[in-house]
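J.: Quick one: this structure, given as structure tokens, is what I'll be asking you about.
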Amino acid sequence: MKRISQGNSPKASATQKCLPGHSEETVKRAILLCAELFHEEMTAAKAEFWKEILSEYPPAGVEWAFQNWNRNGSYFPKPRDIIQLINAWRESEDAGVKTCSKCDSGWIVVNPEAKKSEQQARRCDCVKTR
């Protein structure tokens, strides 16, 4: 499969690339869970495509982006959607943004009793005040 360039998307450093084992498995689980939540058939070709696209990004950022999308998205994402979230995650990591222990990366689910695919989130005050 030919690698598709993301243009101005930053490449991951050598230490941030997916490492064999746990990191690849974490990314795979994140993609499969998202596909299941949004009733998307994950074919081998689609899985390989996602693997190629996301191989340039840190696994922690990929996992965070899919968790965020699973909470807030209303359809199965396009690679651009996930890459935008990864870049937002990367910016917050680079800026050293620290969050409180009551939120998930600066987000609070406002309706935790709802189905996962229908949950909504708001920014935590720990992010707003900084």
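The values are calculated or read from the model by the stated rules, or taken from the named source; none is laboratory data. Just so you know, these numbers come straight off a predicted model, no measurement behind them. Glycine gets a Cβ as well: all are built from the backbone with ideal geometry, and neighbour counts include every protein chain shown.
J.: Looking only at the stretch 41-75, how many residues end up being without any contact (Cβ under 8 Å) to a residue 24 or more places away in the chain and among the aromatic types (Phe, Trp, Tyr)?
T.: The total comes to 0.
J.: Given (1) closer than 15 Å to Leu33 by Cβ; (2) surrounded by fewer than 17 Cβ atoms within 10 Å (Cβ to Cβ); (3) in contact with a strand residue (DSSP E or B) (Cβ under 6 Å, 6 or more places away or on another chain), where does Arg71 come up short, assuming only one miss?
T.: Result: Arg71 fails condition (2) only.
J.: Among the residues of the stretch 38-60, write down those that are farther than 21 Å from Lys116 by Cβ and touching a helix residue (DSSP H, G or I) at 6+ places or on another chain (Cβ under 6 Å).
T.: Step one: list which residues in the stretch 38-60 are farther than 21 Å from Lys116 by Cβ, which gives 43-49, 51-59.
Hits for the stretch 38-60 are Ile53, Leu54, Tyr57, Pro59.
J.: Can you give me the number of residues within the stretch 75-127 that are of a type in the set (Phe, Trp, Tyr), in a loop (DSSP other than H, G, I, E, B) and surrounded by 11 or more Cβ atoms within 10 Å (Cβ to Cβ)?
T.: Keep residues of the stretch 75-127 that are of a type in the set (Phe, Trp, Tyr), which gives 75-76, 89, 107.
With in a loop (DSSP other than H, G, I, E, B) added as a condition, the list becomes 75-76.
Narrowing further to those that are surrounded by 11 or more Cβ atoms within 10 Å (Cβ to Cβ): 76.
Qualifying residue count for the region: 1.
J.: Condition test on Ala60, is it at pLDDT below 75 and touching a Ser or Thr at 6+ places or on another chain (Cβ under 9 Å)? I'd like the intermediate steps shown before the answer.
T.: Working: at pLDDT below 75: no; touching a Ser or Thr at 6+ places or on another chain (Cβ under 9 Å): yes.
Spelling it out, it is not the case that Ala60 is at pLDDT below 75 and touching a Ser or Thr at 6+ places or on another chain (Cβ under 9 Å).
J.: Tell me, which residue of the stretch 16-35 that is surrounded by fewer than 14 Cβ atoms within 10 Å (Cβ to Cβ) and at negative phi is modelled with the lowest pLDDT? Don't jump to the end; show me each part of the working.
T.: Initially, the stretch 16-35 is screened for residues surrounded by fewer than 14 Cβ atoms within 10 Å (Cβ to Cβ), giving 19-22, 25, 29.
Next cut, at negative phi only: 19-20, 22, 25, 29.
Working: Leu19: 37, Pro20: 40, His22: 48, Glu25: 85, Arg29: 90.
Filtering first and then ranking leaves Leu19.
J.: Quick one: count up the residues across the stretch 37-54 that are loosely packed, with under 14 Cβ neighbours inside 10 Å and part of a loop (DSSP other than H, G, I, E, B).
T.: Qualifying residue count for the region: 3.
J.: When you check Phe38 against the structure, is it touching a residue at least 60 places away in the same chain (Cβ under 8 Å), aromatic (Phe, Trp, Tyr) and within 23 Å of Glu24 (Cα to Cα), yes or no?
T.: Numbers: touching a residue at least 60 places away in the same chain (Cβ under 8 Å): yes; aromatic (Phe, Trp, Tyr): yes; within 23 Å of Glu24 (Cα to Cα): yes.
Here the answer is yes, as Phe38 does meet what is asked.
J.: Would you please name the residue that is farthest from Gln120 (Cα to Cα), looking only at residues in the stretch 55-68 that are buried (at least 20 other Cβ atoms within 10 Å of the Cβ) and of a type in the set (A, V, I, L, M, F, W, C)?
T.: Val62
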